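Note sheet for the following structure.
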Amino acid sequence: MKKYFTPFFYFAISLFSLAGCKSAEKSLKKGDFDESVIRAVDKLDNNATHSSSIDAIKQAYPLALEQHLNDIKQNKESDDLFKWEAELQSYVKLNRLFQAIDQCESCSKLVTARNFENEEKLARHNAANVRYKEGQTLLAIGDRENARKAYEHFEVVNNVIPNFNDVEKKLELAYEVASFKVVVEQVLVTSRTYQLSNEYFQERVNEYLQTNKRLNKFVRFYMPEEAADLKLEPDHIIRLQFDDFVVGNTLVEKNTEVFISKDSVKVGEKQVGRTKKPVYDKVTAKLTQGRKTVLSAGLLDMQIMDFKTKRVVTQEKFNGEYNWMCEWAYFTGDERALTAAQLRKCKSQELMPPAPQQLFIEFSKPIYERLTNKLQSYYAKY
C-alpha cells in the first residue's frame, strides 16, 4: 500500500532522531510514551541487552497504544467537522511506533506492536474528503474571501493525499478567484539617452516580481504583456516613472600647497680641506592635489491605481544617488618633503568617470531597493 505522510510526521521523526542519545527511561517517567519507545528502539537496535531500554519499551508501548486509542475514541465522538485529521495523526503515530519496533528484531520479541495501516488509510481518505467537500462548497460561492478559504482547504487535502481527486485543478481555480491581481507597467523615463539604463532597471524590477510572484500568498504580479495575453482585468495597476534625474554633474577641486620636511636631510656636499663633508638642510616640495566628483541622482514616482475606479490609492516617491570620486596628485621639488601617503597619491592619475549610462544604473540601485521593500510591505495586507 502506498503511504502518505503529513508534514507533522516528518517533523516528529526528525525530533526523535535527534533524541536518540537521551534516556528512554526518563521519557517514560515524564509520560512521553512515544518518545520513550523510539529512544528504547534506537538503543536496542545497537545493543539488544540494554536492560533499562528493555524495561522501558515493555512499559511504554502498551501505555502509548492505550493513550492513542483513547484519543481516537474521543475524536470519533466529537462533533468537529475536521475530527478525522486528529484521528489520522493518532494512527500516524501508532504506525510510526509499529514500524520502528517491527524493524528492530530484538524489540519485536519484547512487545507485540499493532499495525493500523488500514485504519490510517481510511482516516486519511475521510480527512481529505471532508476538506475537499468544504473547499468545493466555499469555492462555489464565488467571492474572493471564500475562495481563499477554499484554497486553504484544498492545500490541506493535497498534504493529506497528494493529487486527491482533481485537487490540483481545484487549487488553481481557487487561486484564480482568490488572488489579488496587480499589473506593473513599464518604467517610464523622459530621456532617450538613458533608455538602455532604464531597461536594466526595468529588468531588475521584472525579475524581482517574477521571482516573487506571490509577495503575499494571494497577491499575484503580472507584466503588461502577460496580462494582455490572459485578457486579465487586474485589481491594481502600478505605474513607475522617473520624474527627475541628473547624471554626470561634475565638480573638480584642486589645491596646491608647499611642504617643508620636518627634519634636515642631505642636500649636497662641501669641500673642507682635503675631505668632502655632507651639507644638511630642510627641503620643500609643491604638491597639487586634485579631486573629481561626479554626482548622479534621480527620483522615481510610484502610483498604485485601482483598475475599476481609476483612482490613485497610494503614491510615493523614491530617491537615489550615486557619487563617483577620483583623487590624484603631482608635485615639484624634493619628494623628501612629502609623507608616504602623499607620495602614494602622486602615483594615482586623473581618471575618466564612468559612462552616463552606468551612472544612471548606479543611482537607480538604491531606488530599486526602496521600491521593492515598499511593494513587499504594502501588499502584505492584501
Could you list, ordered by first residue, the pairs with Cβ atoms under 9 Å in which the first is in region 128-149 and under 20 Å from Lys217 (Cα atoms) and the second is open to solvent by 80 Å² or more (accessible area, probe 1.4 Å) and basic (Lys, Arg), at least 6 apart or interchain? Gly135/Lys149; Leu138/Lys149; Leu139/Lys149
Yes/no for Ala100 being within 24 Å of Lys29 (Cα to Cα) and under 42 Å from the mean Cα position of the chain (by Cα): yes
Residues that are out of contact with any Leu (no Cβ under 7 Å at 6 or more places or on another chain) and surrounded by fewer than 15 Cβ atoms within 10 Å (Cβ to Cβ): list the strands (runs of 3 or more DSSP E) wholly contained in region 219-272 that include at least 3 such residues. 236-260, 265-272
Quick count over region 36-72, residues being polar (S, T, N, Q) and free of Cβ contacts under 8 Å to residues at least 12 places away in the same chain, is 5
Residue that is surrounded by the most Cβ atoms within 10 Å (Cβ to Cβ), among those in region 356-382 that are touching a residue at least 60 places away in the same chain (Cβ under 8 Å) and of a type in the set (Gly, Ala, Ser): Ser364
Would you be able to say whether some residue in region 335-355 is surrounded by 14 or more Cβ atoms within 10 Å (Cβ to Cβ) and either over 55 Å from the mean Cα position of the chain (by Cα) or assigned to a strand (DSSP E or B) (or both)? yes
With respect to Asn146, is the statement that it is touching a helix residue (DSSP H, G or I) at 6+ places or on another chain (Cβ under 6 Å), under 23 Å from Phe307 (Cα atoms) and either of a type in the set (D, E, K, R) or at pLDDT 95 or above (or both) true? yes
Working only within region 201-218, note down all residues that are crowded, with 17+ Cβ neighbours inside 10 Å and of a type in the set (Ser, Thr, Tyr). Tyr208
Just to be sure before I move on: is Gly320 on the phi > 0 side of the Ramachandran plot, touching a residue at least 40 places away in the same chain (Cβ under 8 Å) and of a type outside the set (A, V, I, L, M, F, W, C) in the structure I sent? no
Within region 149-190, residues hydrophobic (A, V, I, L, M, F, W, C), out of contact with any strand residue (DSSP E or B) (no Cβ under 6 Å at 6 or more places or on another chain) and assigned to a loop (DSSP other than H, G, I, E, B) come out as Ile161, Phe164
Looking for something modelled with pLDDT under 95 and farther than 27 Å from Gln186 by Cα - is there at least one such residue anywhere in region 352-367? yes
Would you mind stating whether Thr288 is modelled with pLDDT of 95 or more, assigned to a strand (DSSP E or B) and closer than 30 Å to Tyr330 by Cβ? yes
Testing Val279 on (1) under 23 Å from Ile361 (Cα atoms); (2) loosely packed, with under 14 Cβ neighbours inside 10 Å, one condition comes back false. Which one is that? (1)
Looking at (1) crowded, with 17+ Cβ neighbours inside 10 Å; (2) out of contact with any Asp or Glu (no Cβ under 8 Å at 6 or more places or on another chain); (3) hydrophobic (A, V, I, L, M, F, W, C); (4) within 30 Å of Arg370 (Cα to Cα), find the lone condition where Met325 falls short. (1)
Taking the residues in region 101-149 that are polar (S, T, N, Q) and closer than 30 Å to Ser52 by Cα as candidates, determine which candidate is surrounded by the fewest Cβ atoms within 10 Å (Cβ to Cβ). Thr112
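Here's the yes/no breakdown for (1) within 14 Å of Tyr208 (Cβ to Cβ); (2) of a type in the set (Val, Ile, Thr); (3) out of contact with any Lys or Arg (no Cβ under 6 Å at 6 or more places or on another chain):
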site	(1), (2), (3)
Thr332	no, yes, no
Leu338	no, no, yes
Lys347	no, no, yes
Glu350	no, no, yes
Pro353	no, no, yes
Leu359	no, no, yes
Phe363	no, no, yes
Thr372	yes, yes, yes
Gln376	yes, no, yes
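The values are calculated or read from the model by the stated rules, or taken from the named source; none is laboratory data. Keep in mind the model is a prediction, meaning the values are calculated, not measured. So basically every Cβ, Gly included, is an ideal-geometry build from the backbone, and we count neighbours across all protein chains shown. Only protein heavy atoms, including side chains, enter the accessible area calculation; ligands, DNA and RNA are left aside. Shrake-Rupley method; radii C 1.70, N 1.55, O 1.52, S 1.80 Å.
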